[in-house]
Amino acid sequence: MQRLFDIAVPVPFFPWNTLFSYKEFEGEIETKPGQLVEVSFGRRKVRGVVVRETQKAPDPKIKIKSIHQICIEEPVFSAERLAFVESLGKHYRHPIGLVFEASLPSSIRNGTERTLKHTWPISMEAPNVLTSPFELNEDQEKSFQNIMNGNKAHHLLWGITGSGKTEVYLRCVEEALKRNQTCLVLVPEIALTPQLTERFEARFPGELATFHSAQTPKKTREAWFKVWTGRARVAIGARSALFAPLKNIGLIIVDEEHDGSYKQEEGFRYHAAEAARLLSVQTNARLVLGSATPRAESIALVESGELELNKLSRRASSGSKLPKLHVVDLKKGLAKENKIPHVEIKDEFDLPKIDGDFFLSPELRVSLDRTLDKKEQAILFVNRRGVGSQFICKTCGESCVCPNCDVRLTPHSQKLLCHYCAYEIAIPSKCDSCGSKDEPFTRVGVGTEGLEKILAFHYPDAKVLRLDRDTVQKKDDLEKILTAFSNKEADILVGTQMVAKGHDFPSVSLVGILLADLGLSVPDFRASERTLQLLMQVAGRAGRADIAGEVIIQSFQPENPIFASLLSPDPMTSYFAFLKEELAKREVLRYAPYSRMALLRFDSLENNLAHQASRYVCDALSKINSDKLQVLGPVVSPMAKLRGRYRTQILLKCSHSESFDTALDWILQGWNKGGLEKRFKTRMLVDVDPQSM
Ligand code: ADP
Ligand code: ZN
Ligand code: ZN
């Protein structure tokens, strides 16, 4: 009697847990759960994963095919990993075959080996650990002991910038390796934090395998095998490192746990920090979520006792003190100039003069002068690329907009660019709205590129480097800029939020934040929290070593509560209070973490079809009779049109997890079975635990 196996096939089938039965492989190799196999599906051949032996008798009417080929003899998913992937599919209601597909690097999935002997652990040699140059201070030691030996396995390591969190991570990894366990270290965007990886490599030479999307498939493949065969016992990387096939995992670290890049926003949408928490529960690994600015969700978990709080409230290196912060009211500058800050495009050279007086407040200028005089370094942060924010007609006031996305185009040096779809045009000589000719436009606002010009005018002798997505295009651009600034080859670093990531520049004594409220107007219930986190992170770049640091924050709304929190003499207490208040609001409004949430996004080439489709789904949802389920919408998305497609959305909130799952399954199945995508010529995407509204 031939045995049957349930196989996860990479096709979008609903319900999410749909598996397909196949007869065992008829060749010499024994079929086992966790194997990567090739099966025919319809007329195609696809690669899927054997999940388990089929439990119930198959429908006799259906002809069952055999597994065509076993791609790798040794299972690529251990029983533990199979369970993990299944639980991700369950949480996100995402087709299990696609979750399996996302959790195996394509270079392994499509690889050609047939037999591979899994000989873990290859060596029982002692792990390669070099000793730290210094001893942990009292707070660090306490956190380390608590994390590795305390009663609780799940920890939040909340330490201000420069408080020595990384040293604690290193010590924990060392301890786990000594216990013959393996470690997973998640970092937000590995390309942005070369320093961190270097510190791990320096302490554990040869023990590391790195994973991130910017590396070649060959490198990923090597890293994967290094972990699989036990030659590397520390997997470090961005989101995808979560799927490194570590065995006997003892420790999971999520550095900068507040970072937005942990959320995968394409294909299988998941939050890597949340997934890491799930993995630690399933594997009994110790978990450390580390940050100087933890998420409100994590604070809620501390309050409910699910995470144990470990605090590092002082900077670790002896001379280093927290910087002095100062908020400048930009409205005062507006009153003086009696106009919105803008520049005529006619004379390129006027740009720095006019804008510069506005965007560099007198307070910031004085501090910048002083910093440069002392031969120290400054970071100037403005969270926008380009020369300005928009390009408007001097006659009719209309902005140039992107034809694909209906958003304003951002002026760059020689062109106008859409930051959403990369559409670009040369600077137009005529206004489409009113027909004005002869350089009818003017630039408004400032971006990193504009700031660079302003500085070139006011500080012609200063050397300026710029860090944003325009200057970082090739693989080593980032490292070059960071190294040059580290080596003091420049006086000022201008940049977007890329400057906020954990960089450690000892000579930076001044941080200037040009437009601190840029993120506050985003229609998202996390906008204040995110802005505060970003500002605290940027501010944390000042005064890292033994020179005093200063932070100047320019804002149009200095009365906003986030500034009171920033300026507090006891920033940890005030940050905690701020988040507690945010959480209280969310509890009233039933937002995450007090409800499960999902965003249903609809997009179509035709505006009315996107509306019809979302209205149809909304009506269907309203038939579910549950006071626990709240359906908000349909509404036009904040980005009403993106890449030529019109967008609407529905927000689902539910205080009861099972009702939430049921509602989602019902909608997803109805949508797919009913062929609604074709009928409405509209796509529907479901984003569970959405991070951006
Ligand atoms: P974080 O990760 O919290 O930003 P780091 O671990 O990078 O902090 O530490 C900040 C600085 O303090 C680094 O230069 C580090 O070498 C130094 N440092 C960390 N721990 C200690 C310690 N126990 N004694 C002396 N210096 C330390
Ligand atoms: Zn666009
Ligand atoms: Zn016009």
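The values are calculated or read from the model by the stated rules, or taken from the named source; none is laboratory data. In this text, all values refer to a predicted model and were calculated from it rather than measured experimentally. So basically every Cβ, Gly included, is an ideal-geometry build from the backbone, and we count neighbours across all protein chains shown.
Sort out which residues of the stretch 409-436 are within 14 Å of ligand 3 (Cβ to nearest atom) and among the polar types (S, T, N, Q), and write them in order of number.
Passing the criteria: Ser429, Ser433, Ser436.
Here is a yes/no grid of residues against (1) at pLDDT below 95; (2) among the basic types (Lys, Arg); (3) within 16 Å of ligand 1 (Cβ to nearest atom):
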| position | (1), (2), (3) |
| --- | --- |
| Glu125 | yes, no, no |
| Leu130 | yes, no, yes |
| Asn149 | no, no, no |
| His155 | no, no, yes |
| Thr161 | yes, no, yes |
| Gly164 | yes, no, yes |
| Tyr169 | no, no, yes |
| Asn180 | yes, no, no |
| Pro188 | yes, no, yes |
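If only one of Ala584, Ala564, Ala598, Ala592 is more than 16 Å from Met684 (Cα to Cα), hydrophobic (A, V, I, L, M, F, W, C) and either touching a strand residue (DSSP E or B) at 6+ places or on another chain (Cβ under 7 Å) or at pLDDT 95 or above (or both), which one is it?
Ala584
Given the conditions (1) among the hydrophobic types (A, V, I, L, M, F, W, C); (2) within 33 Å of the chain's Cα centre (by Cα); (3) modelled with pLDDT of 95 or more; (4) not in a strand (DSSP E or B), and given that Leu322 satisfies all but one, which numbered condition is not satisfied?
All conditions are met except number (3).
Tell me yes or no: at least one residue of the stretch 110-123 is in a loop (DSSP other than H, G, I, E, B), of a type outside the set (Gly, Ala, Ser) and at pLDDT 95 or above.
So far as the stretch 110-123 goes, no, none of its residues is in a loop (DSSP other than H, G, I, E, B), of a type outside the set (Gly, Ala, Ser) and at pLDDT 95 or above.
Counting only residues that are touching a Leu at 6+ places or on another chain (Cβ under 7 Å) and over 21 Å from Leu535 (Cβ atoms), how many does the stretch 254-272 have?
Total meeting the criteria: 4.
Hey, Pro217 hits all of (1) touching a strand residue (DSSP E or B) at 6+ places or on another chain (Cβ under 7 Å); (2) in contact (Cβ under 8 Å) with a residue 24 or more places away in the chain but one; which does it fall short on?
(1)
So which residues in the stretch 502-538 are closer than 18 Å to Arg315 by Cβ and either surrounded by fewer than 19 Cβ atoms within 10 Å (Cβ to Cβ) or at pLDDT below 90 (or both), if there are any at all?
Gly502, His503, Asp504, Phe505, Pro506, Ser507, listed by residue number.
Please work out which one of (1) in contact with a Gly (Cβ under 8 Å, 6 or more places away or on another chain); (2) part of a loop (DSSP other than H, G, I, E, B) is the condition Gly450 fails and give its number.
So the condition that Gly450 fails would be (2).
Got a number for residues in the stretch 366-407 being surrounded by fewer than 20 Cβ atoms within 10 Å (Cβ to Cβ) and within 16 Å of ligand 3 (Cβ to nearest atom)?
Selection size over the stretch 366-407: 7.
Out of the stretch 480-497, which residues are within 27 Å of Leu518 (Cα to Cα) and either charged (D, E, K, R) or in contact (Cβ under 8 Å) with a residue 40 or more places away in the chain (or both)?
Answer for the stretch 480-497, where residues must be within 27 Å of Leu518 (Cα to Cα) and either charged (D, E, K, R) or in contact (Cβ under 8 Å) with a residue 40 or more places away in the chain (or both): Leu482, Phe485, Ala490, Asp491, Ile492, Leu493, Val494, Gly495, Thr496, Gln497.
Here is a yes/no grid of residues against (1) of a type in the set (Lys, Arg); (2) under 30 Å from Met498 (Cα atoms); (3) buried (at least 22 other Cβ atoms within 10 Å of the Cβ):
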{"residue": "Leu130", "(1), (2), (3)": "no, no, no"}
{"residue": "Phe134", "(1), (2), (3)": "no, yes, no"}
{"residue": "Asn151", "(1), (2), (3)": "no, no, no"}
{"residue": "Thr197", "(1), (2), (3)": "no, yes, no"}
{"residue": "Gly206", "(1), (2), (3)": "no, yes, no"}
{"residue": "Thr216", "(1), (2), (3)": "no, yes, no"}
{"residue": "Arg231", "(1), (2), (3)": "yes, no, no"}
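Given the criteria away from ligand 3 (no atom under 16 Å from the Cβ), assigned to a strand (DSSP E or B) and either surrounded by fewer than 17 Cβ atoms within 10 Å (Cβ to Cβ) or of a type outside the set (Val, Ile, Thr) (or both), does Leu278 qualify?
no
Is it the case that some residue within the stretch 622-639 is over 18 Å from His94 (Cα atoms), in contact with a Lys or Arg (Cβ under 6 Å, 6 or more places away or on another chain) and assigned to a helix (DSSP H, G or I)?
No, the stretch 622-639 contains no residue that is over 18 Å from His94 (Cα atoms), in contact with a Lys or Arg (Cβ under 6 Å, 6 or more places away or on another chain) and assigned to a helix (DSSP H, G or I).
Restricting to the stretch 387-411, what's the tally of residues that are within 20 Å of Pro440 (Cα to Cα), within 14 Å of ligand 2 (Cβ to nearest atom) and either among the basic types (Lys, Arg) or part of a loop (DSSP other than H, G, I, E, B) (or both)?
6
Kindly indicate the residue of the stretch 30-67 that is among the small types (Gly, Ala, Ser) and assigned to a strand (DSSP E or B) and also surrounded by the fewest Cβ atoms within 10 Å (Cβ to Cβ) among those meeting that condition.
Of everything passing the filter in the stretch 30-67, Ser40 is surrounded by the fewest Cβ atoms within 10 Å (Cβ to Cβ).
For Leu478, indicate whether it is modelled with pLDDT of 90 or more, surrounded by 14 or more Cβ atoms within 10 Å (Cβ to Cβ) and more than 16 Å from ligand 3 (Cβ to nearest atom).
So Leu478 fails the test.
Taking Trp16 and the conditions (1) more than 38 Å from the chain's Cα centre (by Cα); (2) touching a residue at least 60 places away in the same chain (Cβ under 8 Å), which numbered condition does it fall short on, given that it satisfies the others?
Going through the list (1) more than 38 Å from the chain's Cα centre (by Cα); (2) touching a residue at least 60 places away in the same chain (Cβ under 8 Å), Trp16 breaks only (1).
Would you mind telling me which numbered condition in (1) more than 30 Å from Leu685 (Cα to Cα); (2) touching a strand residue (DSSP E or B) at 6+ places or on another chain (Cβ under 8 Å); (3) crowded, with 20+ Cβ neighbours inside 10 Å Arg315 fails?
Condition (2) is where Arg315 drops out.
Could you check, for the stretch 440-457, whether at least one of its residues is within 16 Å of ligand 3 (Cβ to nearest atom), of a type outside the set (Ser, Thr, Tyr) and at positive phi?
No, the stretch 440-457 contains no residue that is within 16 Å of ligand 3 (Cβ to nearest atom), of a type outside the set (Ser, Thr, Tyr) and at positive phi.
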